[in-house]
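Participant: Before I ask anything, here is the structure I am working with.
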Amino acid sequence: GLSLGGNLLPAGGGNEKGVWEDKGVVDLNERVLKLAGLTWDSIVQFPDVLLESQECKVLIADAVKLIEQRLSDMPLWGFKDPRCARLLPFWMEVFSHFELEVNYIVSIRNPIDIALSLEKRDEISFLKAQILWLIHTLPNLQWAQ
């Protein structure tokens, strides 16, 4: 019964069945990464201290509005975006503005398969791809404990 909504990125770029990512969430994540001076493939963690900045508070307010809009259309809504693995502190701050039951699904794909895919798709070295897997995965596993 969980809906991902109708505002999804189109299929393509090696994902012919689609990536099932909400355009609004992806846009917000890109804006947060930009504010932090990061890209999806930066080899540094998200600086949690950024959450206190006025610029980030504006993005948090935008995310709250997005969630309010999505939930007004769909009472059981969810989203996925690999960037969320890097930006979990941001999203946890956003969710704190609601009285909701928030559930997280941590999907773990074989790091070798990911490294080979990034090497082929983005010409990222196998070593950097493995480090990216660690940066995207370990903090969430620590949080999930």
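Participant: Give, in nm to one decimal, the length gained when the segment between residue 128 and residue 42 is fully stretched (0.36 nm per residue of separation minus the Cα-Cα distance). Please list the in-between numbers first.
Facilitator: Details: separation 86, 0.36 × 86 = 30.96 nm, distance 0.96 nm.
Full extension of this stretch gives 30.0 nm more.
Participant: Longer than 21 Å from Cα to Cα, which of 17/65; 23/128; 57/128; 80/120; 34/57; 80/128 are they? Say none if no pair is.
Facilitator: Numbers: 17/65 29 Å; 23/128 27 Å; 57/128 31 Å; 80/120 23 Å; 34/57 14 Å; 80/128 23 Å.
Violating the 21 Å Cα-Cα cut-off are 17/65; 23/128; 57/128; 80/120; 80/128.
Participant: So what does the Cα-only Debye profile of the chain read at q = 0.13, 0.14, 0.16 Å⁻¹, as log10 I(q)/I(0), no solvent term?
Facilitator: -0.63, -0.73, -0.97
Participant: Taking the full set of protein chains and a 1.4 angstrom probe, give the accessible area of residue 133 in square angstrom, rounded to the nearest 10.
Facilitator: Accessible area of residue 133: about 50 Å².
Participant: Positive end of the dipole of the chain, charges at C-beta (+1 Lys, Arg; -1 Asp, Glu), about the Cα centre: which of 108, 33, 89 has its Cα farthest in that direction?
Facilitator: 108
Participant: Amide H neighbours of residue 3 under 5 Å, counting only residues 5+ apart in sequence or on other chains, H built in-plane at 1.01 Å?
Facilitator: 76, 77, 78
Participant: Each residue of segment 80-90 in turn: what ³J(HN,Hα) in whole Hz from Karplus with 6.51, -1.76, 1.60 and θ = phi - 60°, glycine and Pro shown as x?
Facilitator: Once θ is set to phi - 60°, the couplings for segment 80-90 become 9, 6, x, 4, 4, 4, 7, 10, 4, x, 4 Hz.
Participant: Starting from the residue with the highest accessible area, list 9, 138, 28 in decreasing order, probe 1.4 Å.
Facilitator: 138, 9, 28
Participant: How do 55, 30 stack up against each other in accessible area, from largest to smallest, with a 1.4 angstrom probe?
Facilitator: Output order, biggest surface exposure first: 55, 30.
Participant: Give me the 1.4 Å probe accessible area per residue for the chain, excluding ligands and nucleic acids, in Å².
Facilitator: Here the residues of the chain average 62 Å² of exposed surface.
Participant: In degrees, nearest 10, range 0 to 90: what is the angle between the Cα axis of helix 23-35 and the longest Cα principal axis of the chain?
Facilitator: 70
Participant: In nm, what is the difference between 0.36 nm times the number of residues separating residue 68 and residue 105 and their Cα-Cα distance?
Facilitator: Net length gain for the segment: 11.2 nm.
Participant: On to the next question. Given the rule -39500 (n - 2.57) for each run of at least 4 DSSP H residues, summed and divided by the residues of the chain, what is its mean residue ellipticity at 222 nm, to the nearest 500 deg cm²/dmol? Write out the running numbers ahead of the final one.
Facilitator: Details: 5 runs with 72 residues, N = 145.
Calculated at 222 nm, the ellipticity per residue is -16000 deg cm²/dmol.
Participant: Leaving ligands, DNA and RNA out of it, report the carbon-plus-sulfur percent of the accessible area of the chain at a 1.4 Å probe.
Facilitator: Percent of accessible area from carbon and sulfur atoms in the chain: 56.
Participant: Can you run the Rg to Rh ratio on segment 30-107? Use alpha carbon positions and the Kirkwood inverse-distance Rh. Intermediate values should be presented prior to the final figure.
Facilitator: Working: Rg = 12.8 Å, Rh = 13.4 Å.
A ratio of 0.96.
The values are calculated or read from the model by the stated rules, or taken from the named source; none is laboratory data. Because the structure is a prediction, the values reported are computed rather than measured. Please note: Cβ atoms are built from the backbone with ideal geometry, for glycine as well, and neighbour counts cover all protein chains shown. Ligands, DNA and RNA are stripped out before the accessible areas are found, and what is left, the full protein with its side chains, is counted by its heavy atoms. Shrake-Rupley method; radii C 1.70, N 1.55, O 1.52, S 1.80 Å.
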